[in-house]
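The values are calculated or read from the model by the stated rules, or taken from the named source; none is laboratory data. Here the structure is a predicted model, which is why all the values come from computation and not from measurement. Note: ideal-geometry Cβ built from the backbone for every residue, glycine included; neighbour counts use all protein chains shown. The accessibility values were calculated without ligands, DNA or RNA, using every heavy atom of the protein model including side chains. Shrake-Rupley method; radii C 1.70, N 1.55, O 1.52, S 1.80 Å.
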Amino acid sequence: EIVAASHNTAGVIIELNAVLATDEWLEKLIKLGINKEQIHFCHNYYPMRYSGMTEENLRANNAVIHRHGFTVAGFIPSKVHPRMACSIGLPTAERWREMDTHTVIQEAFLFGLDDVYYGDDFADISELKLLCEADANVVTFRFHPFVEGKILDWLCGREMSQTYCGTPETVLRSGYTSHSYPGDVDDTFSCLRRRGDVTVCKSTLWRYSGEIQLVRQDLPRDKNIGIIGRLVDEDLPLLDSVGGDDVLPSERKHFRLVRDNK
């Protein structure tokens with residue numbers, strides 16, 4: 001019945017429950033000749049606290065769906081107009097219920113959602129704008145800069161590719177940028193590095209000069225690395241959500257830093 005419905009001539013998209021997707025079931029649908037162009041998977045939303053999906057289950061479920069060439073959608077909560085009754089938002093992942101909306105949107109794409117909807121019915125215009133402006137392939141971190149001038153202009157909004165060599169559990173590294181790095185930061189910016197610090201490699205590191213690093217765990221001072229800003233507290237969870245060496249090349253994300261004006 002599902003396969004037949006997927007070949008309807010009206011162009012109607014058939015939506016299937018994402019949590020039911022298994023390799024065995026999807027392989028059977030494909031073998032029976034399902035029309036992928038008119039099939040879409042979607043997760044549920046969960047009104048009751050502690051009933052939403054875990055990060056691990058959501059990632060794993062989405063990976064199965066992607067592996068067979070399908071797309072998948074999910075829900076995030078509105079902070080401004082949560083639905084009546086429970087009034088605690090309608091997210092797919094439980095952790096999104098209390099998180100900042102910008103951070104939730106970034107994580108939704110990192111966890112493998114292709115389409116993101118607000119579960120609550122009256123999302124505010126500012127929330128809709130945040131979602132419309134989000135880029136599924138670029139993680140946007142908000143930060144408070146400690147520097148001004150050329151370095152800040154060079155840093156803000158620039159799309160950076162991730163480098164996956166080394167020890168990704170300690171820092172999130174950008175690709176080499178020495179050709180465009182505008183100059184060194186003052187030595188006073190070299191100090192103990194804390195989780196969430198935004199740092200830059202100085203020219204004394206030669207080919208690494210200009211590499212941006214987002215610190216994932218507390219690290220000792222390095223005289224060759226300067227601290228030039230700090231992520232907003234709300235975006236710290238994204239440091240753990242961005243994959244490491246186990247991420248497939250097709251899933252590797254770029255990232256950018258934008259100045260937080262609050």
In the range 22-59, anything under 30 Å from ALA85 (Cα atoms) and touching a strand residue (DSSP E or B) at 6+ places or on another chain (Cβ under 8 Å) is listed as HIS40, PHE41, CYS42, HIS43, ASN44, TYR45, TYR46, GLY52, MET53, THR54, GLU55, LEU58
For the range 54-98, which residues satisfy the criterion of being over 17 Å from the mean Cα position of the chain (by Cα), of a type in the set (A, V, I, L, M, F, W, C) and not in a helix (DSSP H, G or I)? PHE70, VAL80, MET84, ALA85, CYS86, ILE88, LEU90
Select from the range 133-174 the residues that are charged (D, E, K, R) and in a loop (DSSP other than H, G, I, E, B) and write down the one among them that is most open to solvent (accessible area, probe 1.4 Å). GLU148
Counting only residues that are in a loop (DSSP other than H, G, I, E, B) and within 16 Å of LYS79 (Cα to Cα), how many does the range 99-118 have? 2
Go through the range 210-222 and give me each residue that's open to solvent by 10 Å² or more (accessible area, probe 1.4 Å) and in a loop (DSSP other than H, G, I, E, B). ARG216, GLN217, ASP218, PRO220, ARG221, ASP222
Looking only at the range 1-43, and only at residues there that are under 13 Å from VAL72 (Cα atoms) and among the polar types (S, T, N, Q), the one that is surrounded by the most Cβ atoms within 10 Å (Cβ to Cβ): GLN38
Of everything in the range 92-132, what is among the aliphatic types (A, V, I, L, M) and open to solvent by less than 40 Å² (accessible area, probe 1.4 Å)? Give them in sequence order. ALA93, MET99, VAL104, ILE105, ALA108, LEU110, LEU113, VAL116, ALA123, LEU131
Cβ-Cβ below 6 Å, separation at least six or inter-chain, first residue in the range 113-140 and closer than 18 Å to GLU234 by Cβ, second among the aromatic types (Phe, Trp, Tyr): which pairs? VAL139/PHE255
Restricting the range 182-207 to residues that are in contact with a Phe, Trp or Tyr (Cβ under 7 Å, 6 or more places away or on another chain) and surrounded by 16 or more Cβ atoms within 10 Å (Cβ to Cβ), the residue that is modelled with the highest pLDDT: VAL198
Go through the residues of the range 98-112 one by one and say whether even a single one is aromatic (Phe, Trp, Tyr) and either out of contact with any helix residue (DSSP H, G or I) (no Cβ under 9 Å at 6 or more places or on another chain) or without any contact (Cβ under 8 Å) to a residue 40 or more places away in the chain (or both). yes
Output for the range 45-60, where each listed residue is without any contact (Cβ under 8 Å) to a residue 60 or more places away in the chain and not small (Gly, Ala, Ser): TYR46, PRO47, MET48, ARG49, TYR50, MET53, THR54, GLU56, ASN57, LEU58, ARG59
